[in-house]
Amino acid sequence: MNSGSCNGCDIEIVAALSPRYDAEQLGVRLEGSPRHADILCVTGPVTQKAVRAVKTVYDQVLGPKAVVAIGSCPATTNVFIDSRTLDGPLDRHLPVDVFVPGCPPRPDAIIQGVAKAAEILAERGLERAADPSTRLRSGLAQDDRDAANEASAGVQP
Amino acid sequence: MTLLTALARLLIFPGLLFAVPAAWFFLWLERKSVALMQERVGPPFMQPFYDFVKLLGKSTPPRSGVGGLLMRAWPLIAVSAAAGAVGLLPVLPSSGGFEGDLILLLALLELPSVCIIAAGFSSRSIFGEIGSAREAALSVSYNIVFLLAIVSIAASQHTFRLEALAALPSSPLLWLGVLAILVCLPAKLHINPFSLPNAEQEIYSGPLTEYAGPELAMWELSHGLEWVACTGLVATLIAPHIALAWGTSLLAGCIFVVLSVAVVLLLSVLAAATARLAIDSSVRFYWQCTLIFAVLAISSALFMRFRS
């Protein structure tokens with residue numbers, strides 16, 4: 001999801017899906033609908049206009065879920081720091097699981113970040129399966145956000 | 001057909017016990033072969049199974065009212081219809097059947113597509129509605145050819161019994177009919193060049209945009225079962241005159257699987273080699289180009305019947 005990025009990271013995400021890097025060999029697939037997705041990749045420094053959209057899309061992804069911040073912008077707001085049109089960085093609004101720094105990051109770093117997020121997601125799914133009370137709660141559960149805050153992890157490409 | 005053989009066919013072979021793993025295998029085979037043709041590595045062997053288990057463990061969005069109830073019901077109806085269609089296929093020689101089971105098979109094959117159209121409209125998502133409208137337009141187009149092809153094969157034999165059709169000797173009419181069915185399969189299975197209804201990156205996932213978790217898992221499963229049923233239909237039409245010569249059930253089963261895999265590979269090559277057509281081109285393709293084949297097939301079938 002683009003939260004006001006310059007499109008550089010988005011192009012690198014597309015490159016990660018291309019035959020040269022082939023994210024599908026790990027079983028990763030690009031899903032258009034947030035309802036079908038497990039891992040939300042966010043690019044851009046989060047502009048004021050984009051905050052609501054970012055939160056809506058995050059809520060539309062159903063738990064268990066993970067968030068990957070692609071590039072330096074969502075991590076630190078990068079060169080746009082102190083801009084009055086920004087409301088970033090991303091972790092002010094969403095629990096970010098994996099940061100993939102770079103301006104833009106290389107496609108293999110993006111794939112590594114998504115793979116790391118998939119590991120976190122698998123742990124979270126197992127925790128959830130072990131705890132019967134969470135299975136009964138559907139949709140937009142707060143416990144996912146709490147779990148995500150605890151399980152934050154970084155990836156250095 | 002006794003109750004026992006009917007249950008065995010529905011639950012064991014070629015029904016659920018065979019069809020569900022086969023559905024995952026065919027979904028993997030399609031993704032893998034497309035990936036190989038694009039010089040990629042492609043997904044791991046167990047990926048469709050992992051995806052299914054993962055989706056079962058996810059939560060579903062809260063739904064309320066009659067619309068919500070319908071949205072939960074559509075994928076279940078689609079799965080049961082597709083599983084029933086697979087169970088009806090006359091794979092094993094002398095496995096039973098009844099007069100008119102061809103009509104039931106055609107109805108069951110059509111039901112998942114009707115469910116998808118209804119699901120898109122009941123989700124009330126704009127992408128779902130566009131996808132459903134496209135699916136409806138496409139379904140009206142390819143079904144004419146699909147039904148005419150099958151009816152022409154049936155009319156030449158004066159029967160609607162699947163077993164009789166499966167035992168047909170090879171003839172130009174049969175091959176013409178099989179060709180017409182093959183032309184319809186990409187549209188029926190939503191793969192390129194007729195992947196309009198679920199055109200990813202264009203209208204997200206079309207009718208299934210609002211589905212998630214276990215409901216989406218059921219849609220995936222029904223899609224896989226449709227693969228098994230559609231390729232299996234072609235396999236049973238072209239297989240038996242080889243199989244019956246030796247006669248054993250095991251061999252008939254093996255030939256069925258091999259032919260189904262061959263049809264899957266053929267469709268994957270087509271999917272990898274083509275780009276998505278716009279809706280007007282797709283509809284025009286079926287109404288202008290392939291309808292001639294179907295009309296030719298049915299007229300020759302009627303001609304053969306009057307002559308005999």
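The values are calculated or read from the model by the stated rules, or taken from the named source; none is laboratory data. A quick note: this is a predicted structure, and the numbers were derived from the prediction, not measured. Cβ atoms come from the backbone with ideal geometry, glycine included; neighbour counts cover every protein chain shown.
B:Glu215 passes every criterion in (1) out of contact with any Lys or Arg (no Cβ under 7 Å at 6 or more places or on another chain); (2) part of a helix (DSSP H, G or I); (3) not small (Gly, Ala, Ser) apart from (1). Here segment A:103-122 is the region considered, the condition is being over 17 Å from A:Gly27 (Cβ atoms) and either surrounded by fewer than 18 Cβ atoms within 10 Å (Cβ to Cβ) or at pLDDT below 90 (or both), and the residue that is farthest from the other protein chains (Cβ to nearest Cβ) is A:Cys103.
Among the numbered conditions (1) at positive phi; (2) within 14 Å of chain B (Cβ to nearest Cβ), the only one that A:Thr77 does not meet is (2).
Taken together, the residues in segment B:69-81 that are in contact (Cβ under 8 Å) with a residue 12 or more places away in the chain and over 16 Å from the mean Cα position of the chain (by Cα) amount to 5. Annotation: of all residues in segment B:61-71 being of a type outside the set (Gly, Ala, Ser) and modelled with pLDDT of 85 or more, the one that is farthest from B:Trp219 (Cα to Cα) is B:Val66.
Going through B:Ser125, B:Ser141 one at a time, which residue ends up being out of contact with any helix residue (DSSP H, G or I) (no Cβ under 8 Å at 6 or more places or on another chain), hydroxyl-bearing (Ser, Thr, Tyr) and at pLDDT below 90? That would be B:Ser125, the only listed residue that is out of contact with any helix residue (DSSP H, G or I) (no Cβ under 8 Å at 6 or more places or on another chain), hydroxyl-bearing (Ser, Thr, Tyr) and at pLDDT below 90.
Scanning segment B:174-205 for residues that are buried (at least 22 other Cβ atoms within 10 Å of the Cβ), assigned to a helix (DSSP H, G or I) and modelled with pLDDT under 85 yields a count of 1. Residues in segment A:67-86 that are touching a helix residue (DSSP H, G or I) at 6+ places or on another chain (Cβ under 8 Å), in a loop (DSSP other than H, G, I, E, B) and under 25 Å from A:Ala37 (Cβ atoms): A:Gly71 only. The helices (runs of 4 or more DSSP H) found wholly in segment B:230-308 and carrying at least 1 residues that are over 26 Å from B:Leu88 (Cβ atoms) and modelled with pLDDT under 85 occupy B:291-307.
Please pick out the residue among B:Gly120, B:Gly100, B:Gly84 that is under 29 Å from B:Leu233 (Cβ atoms), crowded, with 23+ Cβ neighbours inside 10 Å and within 22 Å of the chain's Cα centre (by Cα). Of B:Gly120, B:Gly100, B:Gly84, the one residue that is under 29 Å from B:Leu233 (Cβ atoms), crowded, with 23+ Cβ neighbours inside 10 Å and within 22 Å of the chain's Cα centre (by Cα) is B:Gly120.
Select from segment B:38-53 the residues that are more than 7 Å from chain A (Cβ to nearest Cβ) and in a helix (DSSP H, G or I) and write down the one among them that is surrounded by the most Cβ atoms within 10 Å (Cβ to Cβ). Break it down stepwise before answering.
Taking segment B:38-53 and keeping what is more than 7 Å from chain A (Cβ to nearest Cβ), we get B:45-46, B:48-49, B:51-53.
Those still in the list that are in a helix (DSSP H, G or I) too: B:48-49, B:51-53.
Details: B:Pro48: 25, B:Phe49: 17, B:Asp51: 20, B:Phe52: 20, B:Val53: 12.
Among residues in segment B:38-53 that are more than 7 Å from chain A (Cβ to nearest Cβ) and in a helix (DSSP H, G or I), the one surrounded by the most Cβ atoms within 10 Å (Cβ to Cβ) is B:Pro48.
Residues of segment A:30-49 that are surrounded by fewer than 22 Cβ atoms within 10 Å (Cβ to Cβ) and more than 8 Å from chain B (Cβ to nearest Cβ): A:Pro34, A:Ala37, A:Ile39, A:Leu40, A:Thr47, A:Gln48, A:Lys49. Mind listing whichever residues of segment A:3-17 are loosely packed, with under 15 Cβ neighbours inside 10 Å and touching a residue at least 40 places away in the same chain (Cβ under 8 Å)? Once the filter is applied, which keeps residues that are loosely packed, with under 15 Cβ neighbours inside 10 Å and touching a residue at least 40 places away in the same chain (Cβ under 8 Å), segment A:3-17 yields only A:Ile11. Across segment B:54-67, the qualifying residues are those that are surrounded by fewer than 15 Cβ atoms within 10 Å (Cβ to Cβ) and more than 7 Å from chain A (Cβ to nearest Cβ), and the one among them that is farthest from A:Ala66 (Cα to Cα) is B:Val66.
Taking the stated definitions as given, is A:Val61 away from chain B (no Cβ under 14 Å) and of a type in the set (A, V, I, L, M, F, W, C)? So A:Val61 does not fit the description; no.
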